[in-house]
Amino acid sequence: MDRHYIEFTTPETVDVICDQLPSPADDEVLISVHHAGINRADLLQRLGLYPPPADAPARAGARGCR
């Protein structure tokens, strides 16, 4: 299964990454996220003004909805 996500490579650049979704480990589940928004916290983190939670993924839109 393919996945698509955005990655900020430089302050001026946003790349769309398409790659193969890794298989979940025995203690993990795979969910299907249809939409993920960019919210205020994502923008502030991008600007270096708001530290992300320690357990948060290092990409914007980590909070999704189905």
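The values are calculated or read from the model by the stated rules, or taken from the named source; none is laboratory data. Here the structure is a predicted model, which means the values were calculated and not measured. Here Cβ is always computed from backbone atoms with ideal geometry, including for glycine, and neighbour counts include all displayed protein chains.
Computed values, structure above
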read-out	value
Residues being surrounded by fewer than 10 Cβ atoms within 10 Å (Cβ to Cβ) and of a type in the set (Lys, Arg) - total across the range 16-55	1
Residue list for the range 9-33, filter: under 26 Å from Leu47 (Cα atoms) and acidic (Asp, Glu)	Glu12, Asp15
Residue satisfying all of: in the range 19-41; in a loop (DSSP other than H, G, I, E, B) and of a type in the set (S, T, N, Q); modelled with the lowest pLDDT among these	Asn39
